[in-house]
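Novice: Input: one structure, supplied below.
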Amino acid sequence: MLPFLARRALYMVLFLFALSLVGFLIIELPPGTYLDVHIARLRNTGVRVDQAEVDRLMHLYNLDSPIVVRYFKWIGKFLGGDMGISFQHNRAVIDLIAERLPATLLLSSVTMLFIYAVSIPVGIVSATRQYSLTDYLFTLTGFFGLATPNFLLALVLMWLFLKGFGVSLTGLFSADYVAAPWSLGRVWDLLKHLPIPIVVIGTAGTAELIRIVRASLLDELRRQYVVTARAKGMQESRLLFKYPVRVALNPVISSAAWILPGIFSGETVTAIVLSLPTTGQIFFSALLTQDMSLAGSVVVIIGALTVVGTLISDLVLAGVDPRIRMERSNR
Amino acid sequence: MSGTATTSAAAAAAAAAEQERYYTASHWRLVRAKFGRHLLARAALAVLGVIYAGGLFAGFLAPYGTRTVAAEFAYAPPQRLRFVHGGRVQLRPFVYGHARHFNDTTWEWDYHPDPARKLDLQFLVTGEPYRFWGLFETRLHLFGVPQPGQVFLFGTDKLGRDLFSRNLHAIRISLTVGLLGVAFSFVIGCLLGGLSGFYGGPIDTMIQRVIEFLIALPTIPLWMGLSAALPLDWPALRVYFFITIILSTVGWTRLARVVRGKLLELREQDFTMAARVAGARDLAIITRHLLPSFMSYLIVDLTLAIPYMILGETALSFLGLGLRPPVVSWGVLLHEAQNVQSVALHPWLLIPGLFVIVSVLAFNFVGDGLRDAADPHK
């Protein structure tokens, strides 16, 4: 187990390094620097900015040094918690992200639970009743779930709720509770607002996972040991849950590797449409206003979260299935 | 007795002939035959054919151009095609022109069909000039209504542009983004997957780590970040080109994995050894012997990668970070429907979404059918 752990940890460090390169690239790519924007803004407000001042600012923000030096200075500060200033909000980037991250984490983890809670039972039902009406119904729903962009689903649901109940389903809290301190009423309000975003973000992942559960359980149900157990007169429900379902759930655990990025992707788009107070929304407005230090930092943070999540799912899988431990350390 | 004997002999001969046909049929012929048995996939292929044809002949099929403005008909709802007027049935379809009055509460024009303004649909009419495939100028359109009436089958947008025409023209962009993106992914995926699987060792490890890294990233934020970096003053064609490249940054990984897996399997086979002994170079072995032997699997994965690209472009353009007007794609059209108020007042703005869903579904069904057909000997 130890060499396996060490290998995974090493990969994670490499991944995080690559991720920081991507984040830095996003910050550096746009033509013109955030300093140009800043100087233009200063001039607009009547502040006189001469060349000496520009040079001083250039030096202050390390814009006069080569790109490699800039990268190491940036990542050094980043790791120390200094992610720069957001010119759009005029606040430290880390504060902005820290404000929004809890909502993102809450939404993503609840969506993850939703995906598993729906797709595993549905997958089992579909597999045990293959080619039945239920199976076809689930398969068809799954196809539509995969083909519908989340933003479209969000829009249609909002529209239906507006038409049907006259309520607007934006945000995570209603107006009364947005700034209120935590109370039972606020929790209840949050619970009322959660289902729509969860369904919107989770649909695609659920649809894909149902297919995986169904396929792997079908493979398992054809095995000899199942036939033997049935021939011996084992009770059907016991027969199903004793081994086949447990074996079929292995690919489900490893699926976390692509479900997590999917959730964060969906969360970004959905947050914009439903105006959820998560990182997705500030990321979007940062991109529109070329507030790149904020945008790049969000990409790095969200990416790091998915990488860590993937590592955890790998460890769980290795703990559950000894074959994986062995195979990876033998390679 | 002798009668049944001859029929069974004939049946046996027929079965033998059938079997012989099966054994002598080429690989691709078997693939085609197996795909043909997949009804849903065939239907989906037909749907895609119709949609692509719609895009190809958009200039002719659409009554108006993409930028033609009917200013007095902003946000006009879709007109229904009708066949019954005043209790009389007629074969020629017609629409009712819009009557409008100003709504004091919404501060917009309200439209309702006016039976007094009956507009018969005319076929093969002359209308606005357009260039057919950029070859020659023509004014011929499939249908239209007599001037000064206007026909809006899918309604109009905020400037009064006909959404039926715009949706048809959008096919060209939306459904080629997927094809072009897949072409990029194909080249990169084959190259890197090929290197990875053929050489193995450290090259393989490195490429596999890069792939794992790209799969672990949330795609939409990455795409958004990259496409936000495209300068606003770029010409539309260049933006389109770069968006497809951005979409393929992740798309090639799946393909590279398939290529690698198959190569690992095939490089140990006798025919590879034979080619090597005969003195064929590595590149020749890969392109002449290995690639063709798993081409069908590649095609399956390519088909299944297209819908992801279409969805990606739609999401980016919807957010205003992908393609931008005056380019017309389904995502660009959906950009108008960004908030629930405009959707509630003008639900027909969501029609491009239906096109997206239908074409993505169709690509998925075709891909599924191809997957079954890819191994016709099963």
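Novice: Could you list all residues from region B:120-144 that are within 25 Å of residue B:352 (Cβ to Cβ), surrounded by 12 or more Cβ atoms within 10 Å (Cβ to Cβ) and free of Cβ contacts under 8 Å to residues at least 60 places away in the same chain?
Specialist: Answer for region B:120-144, where residues must be within 25 Å of residue B:352 (Cβ to Cβ), surrounded by 12 or more Cβ atoms within 10 Å (Cβ to Cβ) and free of Cβ contacts under 8 Å to residues at least 60 places away in the same chain: just B:121.
Novice: Output the residue which, of all residues in region A:162-201 that are small (Gly, Ala, Ser) and in a helix (DSSP H, G or I), is nearest to residue A:278 (Cα to Cα).
Specialist: A:175
Novice: Can you pull out every residue in region B:313-347 that is out of contact with any Asp or Glu (no Cβ under 9 Å at 6 or more places or on another chain), closer than 20 Å to residue B:67 by Cα and at pLDDT 90 or above?
Specialist: Hits for region B:313-347 are B:317, B:318, B:328, B:332, B:334, B:335.
A quick yes/no check of all residues on (1) of a type in the set (Val, Ile, Thr); (2) under 22 Å from residue B:308 (Cβ atoms):
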residue	(1), (2)
B:147	no, no
B:157	no, no
B:164	no, no
B:167	no, yes
B:176	yes, yes
B:181	no, yes
B:188	yes, yes
B:191	no, yes
B:197	no, no
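Novice: Any residue at all in region B:336-355 that's touching a residue at least 60 places away in the same chain (Cβ under 8 Å), closer than 23 Å to residue B:75 by Cα, within 14 Å of another protein chain (Cβ to nearest Cβ) and buried (at least 23 other Cβ atoms within 10 Å of the Cβ)?
Specialist: Yes, there is a match, as at least one residue in region B:336-355 is touching a residue at least 60 places away in the same chain (Cβ under 8 Å), closer than 23 Å to residue B:75 by Cα, within 14 Å of another protein chain (Cβ to nearest Cβ) and buried (at least 23 other Cβ atoms within 10 Å of the Cβ).
Novice: Another one. Take the conditions of a type in the set (Val, Ile, Thr), modelled with pLDDT under 85 and closer than 19 Å to residue B:301 by Cα and apply them to residue B:215. Does it pass?
Specialist: yes
Novice: Let me ask something else. Which residues, taken from region B:226-247, are at the interface with another protein chain (Cβ under 10 Å from one of its Cβ atoms) and either closer than 19 Å to residue B:185 by Cβ or touching a Phe, Trp or Tyr at 6+ places or on another chain (Cβ under 8 Å) (or both)?
Specialist: Across region B:226-247, the qualifying residues are B:226, B:227, B:230.
Novice: Here is a further query. If you take the residues in region A:36-51 that are of a type in the set (A, V, I, L, M, F, W, C) and exposed (fewer than 13 other Cβ atoms within 10 Å of the Cβ), which one is nearest to residue A:289 (Cα to Cα)?
Specialist: Once the filter is applied, the top-ranked residue is A:40.
Novice: Out of the residues in region B:311-328 that are part of a loop (DSSP other than H, G, I, E, B) and more than 9 Å from chain A (Cβ to nearest Cβ), which is surrounded by the most Cβ atoms within 10 Å (Cβ to Cβ)?
Specialist: The residue in question is B:322.
Novice: List the helices (runs of 4 or more DSSP H) inside region A:212-331, counting only whole elements, that have at least 3 residues being buried (at least 19 other Cβ atoms within 10 Å of the Cβ) and at the interface with chain B (Cβ under 10 Å from one of its Cβ atoms).
Specialist: Result: A:256-273, A:279-288, A:292-320.
Novice: I'd like to check something: does region A:274-290 contain any residue that is of a type in the set (Val, Ile, Thr), farther than 15 Å from residue B:222 by Cβ and in contact with a Ser or Thr (Cβ under 6 Å, 6 or more places away or on another chain)?
Specialist: Yes, some residue in region A:274-290 is of a type in the set (Val, Ile, Thr), farther than 15 Å from residue B:222 by Cβ and in contact with a Ser or Thr (Cβ under 6 Å, 6 or more places away or on another chain).
Novice: Could I ask something else about it? What residue, among those in region B:16-64 that are among the aromatic types (Phe, Trp, Tyr) and closer than 30 Å to residue B:156 by Cα, is modelled with the highest pLDDT?
Specialist: B:52
Novice: Here's another thing I want to ask about it. Please specify each residue of region B:266-283 satisfying the condition of being surrounded by 12 or more Cβ atoms within 10 Å (Cβ to Cβ) and either under 35 Å from the mean Cα position of the chain (by Cα) or not in a helix (DSSP H, G or I) (or both).
Specialist: B:266, B:267, B:269, B:280
Novice: Identify, please: which residue in region B:329-378 is among the hydroxyl-bearing types (Ser, Thr, Tyr) and part of a helix (DSSP H, G or I) and is, among those, nearest to the chain's Cα centre (by Cα)?
Specialist: In this case the residue turns out to be B:359.
Novice: Would region A:50-57 turn up any residue that is in contact with a His (Cβ under 9 Å, 6 or more places away or on another chain) and more than 14 Å from chain B (Cβ to nearest Cβ)?
Specialist: Within region A:50-57 (the criterion being in contact with a His (Cβ under 9 Å, 6 or more places away or on another chain) and more than 14 Å from chain B (Cβ to nearest Cβ)), the answer is yes, since at least one residue qualifies.
The values are calculated or read from the model by the stated rules, or taken from the named source; none is laboratory data. Treat the numbers as computed from the prediction; the structure is a model and nothing was measured. Using ideal geometry, Cβ is built from the backbone for each residue, glycine included, and neighbour counts are taken over all protein chains shown.
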